[in-house]
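Asks: The structure's right below; bear with me while I get my questions together.
Rule-based calculations on the coordinates, nothing more; no lab input. Quick caveat: nothing in here was measured; it's all calculated off a predicted structure.
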């Protein structure tokens, strides 16, 4: 893996990666390594049919926090959502080692189709190995499956050494 040390190189790579990544569905994550930081990018355009409860939006990714004082993980998620006829509450949140990033807000009962949903969380982690992943929690109303779908999605995880 090549290390990119200039902002211009990183921006060029991210631009190229975002163009390429749009056609992936659970493809290999794109990893950009900087000085004291790392970005992990994933995206997909294969429809995800949501069931009530938790649904994986991306494949879990492992990373190592090498700083003796820990790292800050910044997690950005976006999804193009097609709400179903029985949609209830809806939430997209990222987790590191099963711990939810903050803040993670509930949305739902939106009748605009399709709807672009953005979330942003952060979390401090200790030195060592970790796993980050994003989950969509979807609840149908009145005990019925919502019928909602994720049409396109992207997750961007940035890890900063402290």
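Asks: Give the Rg (one decimal place) followed by the Dmax (whole number) of the stretch 52-162, computed from C-alpha coordinates and expressed in Å.
Replies: 15.2, 50
Asks: If you project the alpha carbons of the stretch 65-124 onto their three principal axes, what span does each projection cover, largest first, in Å?
Replies: Sorted from largest, the Cα extents of the stretch 65-124 read 49, 16, 14 Å.
Asks: Please report, in Å, the Rg and the Dmax of the stretch 119-159, where both are computed over Cα atoms only.
Replies: Values for the stretch 119-159 (Cα only, Rg and Dmax): 15.1, 44 Å.
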